[in-house]
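To keep things clear, I will list the structure first and then write my remarks on it.
The values are calculated or read from the model by the stated rules, or taken from the named source; none is laboratory data. Only a predicted model underlies this, so the values are computations on that prediction, with no experimental measurement involved. Note that each Cβ is placed from the backbone with ideal geometry, even for glycine, and that neighbours are counted across all protein chains shown.
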Amino acid sequence: MTTSGFPGGNFKLVTQRPNGLVVFWDFKVGALAPNEICKREYGITDVLDDSPALFLMEGTDANGETINFCDIWGNRLTMWRSGLIHVHTIIPKRAEELYQLWALIVAVISLSPLSIKDVIIPFLQWLLAVLN
């Protein structure tokens with residue numbers, strides 16, 4: 001983007017999944033002033049698949065020039081051989097995985113006092129005795 005803003009352009013958003021499912025969305029963005037933001041709804045992404053999804057983009061501005069995509073730090077993103085640029089990855093979590101995570105957190109918290117009393121304190125006492 002230049003200091004004069006973005007002249008507008010056409011974008012293609014492609015979602016690819018490991019099972020071979022590919023979804024395309026085409027959308028247009030009008031001219032934008034510097035620091036102006038445009039949000040577009042690009043459709044439903046729920047494909048009843050719990051595998052990761054890659055979000056790839058390509059775009060041309062109103063002048064027909066290829067758009068360079070950058071990360072949040074301003075580093076230019078590399079174009080893949082397909083001509084698309086990887087802009088985001090979604091790694092989904094199923095309900096069971098979230099329950100397992102919270103069960104692990106609760107178990108660790110509940111066992112912490114026992115581990116301090118039965119493992120850490122005796123270890124520190126032994127360590128102090130050896131060092132003295």
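Quick notes
- Restricting segment 48-67 to residues that are polar (S, T, N, Q) and either surrounded by 12 or more Cβ atoms within 10 Å (Cβ to Cβ) or not assigned by TED's automatic domain parsing to the domain that holds Q16 (or both), the residue that is nearest to F24 (Cα to Cα): T60
- Matching option when the condition is modelled with pLDDT of 85 or more and farther than 30 Å from G5 by Cβ, among A33, A103, A95, A62: A103
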